[in-house]
Structure formats: C-alpha cells, structure tokens
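What follows is a single structure, written as structure tokens, with notes after it.
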Amino acid sequence: MAKKQKNNLKFDTDWQYDPAPESPELAKLNDSYDLFIDGKFVKPTGGKYFDTTSPSSHKTLAKVAEADKRDVAKAVTAARKAYEGTWSRLRPSERGKYLFRIARVIQERSRELAVTESLDGGKPIRESRDIDLPLVASHFFYHAGWADKLSYAFAGRKVSPLGVAGQIIPWNFPLLMAAWKIAPALATGNTVVIKPAESTPLTSLKLAEIIQEADLPPGVVNIVTGAGSTGEAIVRHPDVDKIAFTGSTEVGKLIRKTLAGTDKRLTLELGGKAANIVFEDAALDQAVEGIVNGIFFNQGHVCCAGSRLLVQESIAETLVRKLKDRMGTLVVGDPLDKNTDIGAINSKEQLKKIQGYLKVGQREGAEIFQTSCSLPKRGNWCPPTLFLNASQSHRISQEEIFGPVLAVQTFRTVDEAIDKANNTPFGLSGGVWTDKGAKAFHVSERIKAGVVWTNTFNKFDPASPFGGYKESGFGREGGRHGLEAYLNVIEAGGNR
Amino acid sequence: MSRNTSDKRLMVAKTYKLYIGGKFPRTESGRTFEARSPSGELLANLCRASRKDLREAVVVARKAFSDWSSRSGYNRGQILYRIAEMMEGRAEQMVNEICSQGVPATKSRKEVETAIERFVHYAGWADKYAQVHSSVNPVTSSHFNFSVPEAMGIVGIVAPNEPSILGLSTLLAPALAGGNVTIALVSETHPLAPATFAEILHSSDVPSGVVNILTGFRKELLHDLSTHMDVNAILAADLSPKERKLTEENSALNLKRVVHLPSKAVSATNHPGLSPILSLQETKTTWHPIGT
C-alpha cells in the first residue's frame, strides 16, 4: 500500500493566481474632507485635520476634519432644529421615501464605496463588494418601509420618536455600521449626529455626499469625524436624547457609567467571544467552511466572530487536519485584489494588540499554528492563526482578540459544550454544527447569546435582530425588534 | 407589641424573617430594625439583611434559574395564579399589617386587592408574551430565521416604600411570568406585609430560590445588589435620583440591565401591562439553513 501522502496545499507557492485588482482610482477621493453639519460641509472650528491612511500600504488617503466640542454642539443644534422643524412634522411616508432614495444612490455608487471601504479599512474587496455594500443598501431599503408602519410594530402599545440620536460606530464595518445606526433612527422619526471611527471615516463622508444628493432636509443627519474626545462630546451633550454605541466592552461600560442618572436612552453593541460548537455528527467539510468564515471573515475584526472552536473529542483530530488544510488555501494580501481572502489588519495599534495575544497564547501553553502564506512587505498583516489545546481559563479563550486568531478546545458531552460556550462574560453569538435537528435546537436554546447560527455562521440581514446578552451589550439592531431602540413605547391602555 | 391588660388572651406575635432559598432564616448578621405604628408602638423587630444574606440569595437564585426559566409558560402561569389565590386567603392579614403602619383602611384594602389583580393579570401573560414578542424574520437568504424572548436570569427587585405590597407585586409578577428568578429588597418603611407575602409564596408552589425576600436598609443593600457580578438585571421603582444614579453607575460593572419605573407606574390606577415583562427579556435570533 502506498504511503499516505501528506496533504500540503500551498496555493501561493505551488501556483499563483494572476493579480486581479480593482483600481484605487475608483474611490474618487478628495484631498480633504470637512464635517457634515446642517446639510453642508463645514470646516472644523479648531481648524484641525488628521490623516486617514490605508492599512495595506500606509499611504495617506485624505485629510479629515477633527470635530471638537464646539462642532459637536453645532451638529446637535442642527439636529434638534431639524427634528423639531422638519423631520418630526414630515408625513411618515415621505420620511420613508427619503430612505428609499438613499438606498438607491448607494446601489448606484456601490463600486466606488466598496473600493473606498477596502482602501481605508483593509477588508478584501470581495467582502466589501459582496457583503458590506449590498447589506448597506438593504438596511436603508428595509427601514424605509417601516417609516409609515410603526403602529403595526408594537401590539397594544403606542410609539413616538425620541428626538436627537447620538451614534458612535467602529472601524470594522464602517459604512455598514453607519447604515445600521442611521436607517432605523431616521425611519422612526429621529435625527442623527454620528461619529465614524477615526481610522475609517471615508465611506461615512461619502454617505454625507449621498445624503446631499438625496436632498435630505439639512440637519437630519450630521456626520462629525474625530477620535475618542469627539465621541465623548456626543455622549455628554445635554440635548442628545439617545446614545447608540458599537465598539469595545470597555468603552461601552464607560458610556453606561457616564449616562447613569440621566434620562438618555442607551443601546450598546459590544464585544464577543463566540464559540463555534462542532458535534461528531456534523457535516465536517461544511463545518470547516463555517469555522473559516466565522473567524477569518474581515480579518476576524468582527464582534460576533466565532473566535473559539469547541470540537467534540472523537472528531477533533480529523477536523483540525481539515481546518489546517483549508487555512493553507487562504490568500492574505492586497485588499483590492479580488482573489484576496484576508486583507490588512485595520491599524498598527490593532496589529500590535493581536501580536500581543499571539505571545500570550504561547506563554499560556497553547500550541500555535500559522499558515506559511506570503505576506506583502508594507502594511499591517497577520496570517490566519490557530491555538490548539487552549484551556477555558486561558486569556485567548476569554478575551476578545479581534483578529484572525482561533482558540481550539475539545469537549466530550453536550452539557460540557454548553457550559464551555457560556463560560465567558460575553454573549453576542454562537454556532452549532450537527446533523441532528433536535440537538441543534437543544443547544441553540441553551447558548446565552443574542444570535445563534446553526450549521452556518456570520450571516446578517436587516430583518434579523442583532445584539448581545451579558457584557456584549443591550438592545437590538435590525428587524422589528431593532425599532424599539429609537422609540418611546408606551402601553396604549385599553379594556381591562 | 400589645400587652394583656384584661382577661383577654395574649396575642402570639409573629417573628418576621427573611426568605432565602425556600427557607425562613434570620439574617446571618444578627441585626434587626424596628417597625413601629404612627403612634410609636413597636410592631415587630425585622431582620436587617446583610451583604452576606444577599450573596446567599444570589447563589440559590442562580441554582433555581434553569428549572424555572425552562418551565412552560402555562406552568408558570398556574403558579402565578396560585399566588393570587393564596393572597386572597391572607388578604385580611396584609391589610391589617399595612394599616398598622398608618395607611388608611380603605386604601390598604384597595392596595392588597390590586396586588392580587396584578398576579392574575401576569398569570395570564406567562404563556402569551413570547408569542406576542416573537417573530419569524423574512431574510433574503435561504434560512429559517426567528427571534424569541428569553429570561435574563437573576433580577434584583427594588420595591418602593409605598405602596409596599402593590409595588412589590407590580415588579415581581412580570419578572416571574417571564421566567426570571428574583431577589427582592422590599419596603423599608412598611416591611410587614412584604415579609408576610414571603409565607404566601412559600405555599404557592413557587420553587425554592425563585423568589427571595430581604428586609433591611436600602442604603446598604442597593449597593451590594447593584455591584454583584451575578445579577443580570434590576427592576426598581421610585428610587431617589441619587439612588438611581448609584445603581446605574454600579450596573456598568457587568452591564446589568437597569429598569427604573416612576412611582406612578406602581400606583393602583396605572397598569404597567406587557412592558415590564419585555424589559426583563433578552431577544435571541436563530438562523437555520433551509436546504436538502
């Protein structure tokens, strides 16, 4: 019998893909961008600008205005005026039509937006083109239709808008998070002051252009760029009625504390440490695809990433072998290349943080595996990484790494898998892989998390509520449930 | 306490205790506080629960959660209705206890009656809120996608001083209907009826640990409750601005959900309805692929 050949697929050395890049020119960037307040682009009061750079080349893409307290105050004033003067007086169906319009312009300019997103944030063009942008458009389209149907959403209860919503979004899905925040806020009749992340402001500023194109009344959406202090100014502004934050658990807790004792409404969408649980009866090849999608999608910069793999002991060896083989085929490199699977790590700070965890994991005694893919010389890169034999108490099993790093643990029984899955402070998402329907329901019911994928992972839809349990935050975004985050919902009374 | 000054029989006074894990212990701290009538007559010495009592309550509540939350809504509804039945039988005692601390008789009676109505109302919700709140979500991909409410876990109830039993019932019933387990800090100024209410719960098929009742000082216990890392949510009514701020600040430690209702929300004329049930539920969304 022939000796079994060692499976050794090296896609980047055994054969090469021809480069298939999108042109950076398609992004059509300006040299500098101002703040978008009251329907106009205005210079920042303090006259300060910061550079936004490409994480794949370290080239400066544009200068972007830094909003300080005074600019935030102007934006809130504009939003208040728009709320009282126009937006809350507009017929709901007309509000909806504006959102439909915005959705359409996004579809028309989606190639430009996708290229900008990949340039500024580092995610593969395949993802920004096929996942981010279609979801951005669909979020506006979906919520547009709610604007004149809100009375159907909450049986037995009456709804009214909150007023001015202050929104702070992260760098991992820059335009998609803007859509998640702006579309429901507007559909429910609120006006918005939003701050994109400082490392990925460009697509939000292009959205400002689109909002102008759509002729949305001035002040309904205000976009203020800047770093943490800009966000803090929004959180602390007394005339903001609601804060919606997506980002780290650490900052989320700080915001919760800051708003204590005030009547500002708050929703938080924070970190996660989701377990992908693979049972011995699962379709293993499909599970491998799901695990890869779960942790390497968007370089692992995903709050709901499946960053822990819990695999049943009886199939662990086979599954890990298949997973390593599949990882060997992943192409890391130029985000604008259509063949790229894993793009650039979003910032130098994030790369440093991930590299720190790679050391921590090894020091803690887990066994590291990385593919030997080639990495470009310039830019922020991290090869896809596994930590085998991780234990429950390891920091790499408990803390959010927010990178392409998967901690692998094994289990024997269903109960052990559930216990391990729930044994972190987080509760955003989870995955279950089994061919038995009853088991899939049993386990998904017991995972303490807001989103559970069975035999799939990292699927999103504007109609599907998203949000966490425990320290992953509170409130939902998307679907009928997500509307509540932007509404006063009171009992209608009635026949008792 | 009353003295025997004639041939009348000497009343047997009740010892008021805590209710933790289906048992009636005294506080481990040995501390007490007094409940007095408006004229200054001593009515009872009550347990001044300690941080350790509260922690013990959290431990037994956590143990009770999985069973209680996984019972059918129908079953929880029956138990809530059973509470209403038992309250009816003990109503006179609670009315007298509330009266003894200065609330007029008609008002006390109305309070107890309304509290009973609350349990009947929420008994009926137990097998319905999930249907009202759930949805099948029309996603574009080929998935069966649905959202359902799930109980948050351990809910700290901070009942108002007045109305003592109506306030407690208005907060407790929706928490229980929704499958949560609870630790209630009851009225500090009117603790007699809430302490008696624990005995009602005890004879109402409520599993041990599902409701735990602590009498004592809010100033001490609110801090311990809001900083506890295994408490998932707090439902409170009529906190002072300072108490509310402290509670919300402390809640940031593990991001407990804090729901604060104004005093009118727990009055006899207001009806809180479905909202307090849903405020103590998480929404879980599940994706199942559809295919062959």
Is one or more of the residues making up segment A:363-383 buried (at least 22 other Cβ atoms within 10 Å of the Cβ) and part of a strand (DSSP E or B)? no
Residue count, segment A:434-445 (criterion: crowded, with 20+ Cβ neighbours inside 10 Å and within 11 Å of another protein chain (Cβ to nearest Cβ)): 3
Can you find even one residue in segment A:453-471 that is β-branched (V, I, T), more than 11 Å from every other protein chain (Cβ to nearest Cβ) and under 23 Å from A:D281 (Cβ atoms)? no
If you check B:D205, B:D230, which single one turns out to be surrounded by fewer than 21 Cβ atoms within 10 Å (Cβ to Cβ), within 12 Å of chain A (Cβ to nearest Cβ) and modelled with pLDDT of 95 or more? B:D230
What number of residues within segment B:60-88 satisfy the criterion of being among the hydrophobic types (A, V, I, L, M, F, W, C) and free of Cβ contacts under 8 Å to residues at least 40 places away in the same chain? 1
Taking segment B:27-74 and keeping residues of a type in the set (S, T, Y) and touching a strand residue (DSSP E or B) at 6+ places or on another chain (Cβ under 7 Å) leaves B:T27, B:T32, B:S37, B:S69
Taking segment B:274-292 on its own, how many of its residues are out of contact with any helix residue (DSSP H, G or I) (no Cβ under 7 Å at 6 or more places or on another chain), at pLDDT 95 or above and assigned to a loop (DSSP other than H, G, I, E, B)? 2
Hey, any hits in segment A:82-104 for a residue that's under 25 Å from A:S199 (Cβ atoms) and touching an Asp or Glu at 6+ places or on another chain (Cβ under 6 Å)? no
If you take the residues in segment B:13-25 that are surrounded by fewer than 16 Cβ atoms within 10 Å (Cβ to Cβ) and not hydroxyl-bearing (S, T, Y), which one is nearest to B:V60 (Cα to Cα)? B:K23
Of all residues being facing another protein chain (nearest Cβ under 7 Å) and farther than 24 Å from A:V251 by Cβ in segment B:274-288, which is farthest from the chain's Cα centre (by Cα)? Just the residue, please. B:H288
Being in contact with a helix residue (DSSP H, G or I) (Cβ under 7 Å, 6 or more places away or on another chain) and over 30 Å from B:S135 (Cβ atoms) is the requirement here; does A:P174 meet it? no
Here the qualifying pairs (Cβ atoms under 8 Å; residues six or more apart or on different chains; first in segment B:19-30 and on the phi > 0 side of the Ramachandran plot; second among the acidic types (D, E)) come out as B:G21/B:E56
A:D31 vs. criteria without any contact (Cβ under 8 Å) to a residue 24 or more places away in the chain, over 25 Å from A:G219 (Cβ atoms) and not polar (S, T, N, Q): no
Residue count, segment B:243-273, condition in a helix (DSSP H, G or I) and either touching a helix residue (DSSP H, G or I) at 6+ places or on another chain (Cβ under 8 Å) or within 8 Å of another protein chain (Cβ to nearest Cβ) (or both), comes to 11
When residues of segment A:389-433 are limited to those that are within 12 Å of chain B (Cβ to nearest Cβ) and either among the small types (G, A, S) or within 17 Å of A:F457 (Cβ to Cβ) (or both), the one surrounded by the fewest Cβ atoms within 10 Å (Cβ to Cβ): A:G427
Is one or more of the residues making up segment B:132-145 in contact with a Gly (Cβ under 8 Å, 6 or more places away or on another chain), free of Cβ contacts under 8 Å to residues at least 40 places away in the same chain, within 12 Å of chain A (Cβ to nearest Cβ) and over 21 Å from B:A173 (Cα atoms)? yes
Looking at segment A:150-157, can you tell me whether even one residue there is in a helix (DSSP H, G or I) and either more than 17 Å from A:N488 (Cβ to Cβ) or free of Cβ contacts under 8 Å to residues at least 12 places away in the same chain (or both)? yes
Among the residues of segment A:19-60, what is the count of those that are among the hydrophobic types (A, V, I, L, M, F, W, C) and at positive phi? 0
Run B:S100 past the list (1) polar (S, T, N, Q); (2) free of Cβ contacts under 8 Å to residues at least 12 places away in the same chain; (3) farther than 19 Å from B:N212 by Cα and report the number of the one that doesn't hold. (2)
Quick one: in segment A:220-258, of everything that is part of a loop (DSSP other than H, G, I, E, B) and surrounded by fewer than 19 Cβ atoms within 10 Å (Cβ to Cβ), which residue is nearest to the other protein chains (Cβ to nearest Cβ)? A:S248
For A:F426, are the conditions met, namely being under 29 Å from A:L330 (Cα atoms), outside the structural domain of A:R321 (by TED's automatic domain parsing) and of a type outside the set (A, V, I, L, M)? no
Out of (1) surrounded by 23 or more Cβ atoms within 10 Å (Cβ to Cβ); (2) among the basic types (K, R); (3) at pLDDT below 95, the odd one out for B:K264 is which? (1)
Return the only residue of B:A237, B:A233 being in contact (Cβ under 8 Å) with a residue 60 or more places away in the chain, touching a Leu at 6+ places or on another chain (Cβ under 6 Å) and closer than 30 Å to A:F460 by Cα. B:A233
Filtering segment A:474-488 down to residues that are crowded, with 19+ Cβ neighbours inside 10 Å, more than 7 Å from chain B (Cβ to nearest Cβ) and in contact with a strand residue (DSSP E or B) (Cβ under 7 Å, 6 or more places away or on another chain) yields A:G475, A:E477, A:G478, A:A485, A:Y486, A:L487
Subset of segment A:259-270 (residues that are more than 9 Å from chain B (Cβ to nearest Cβ) and closer than 16 Å to A:P425 by Cα): A:E269
Selection within segment A:426-440 - in a helix (DSSP H, G or I) and under 27 Å from the mean Cα position of the chain (by Cα): A:A440
What's the number of the condition A:F173 fails, among (1) closer than 18 Å to A:N298 by Cβ; (2) of a type in the set (F, W, Y); (3) touching a Pro at 6+ places or on another chain (Cβ under 7 Å)? (3)
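The values are calculated or read from the model by the stated rules, or taken from the named source; none is laboratory data. In this text, all values refer to a predicted model and were calculated from it rather than measured experimentally. We place every Cβ from the backbone using ideal geometry, glycine too, and count neighbours over all the protein chains shown.
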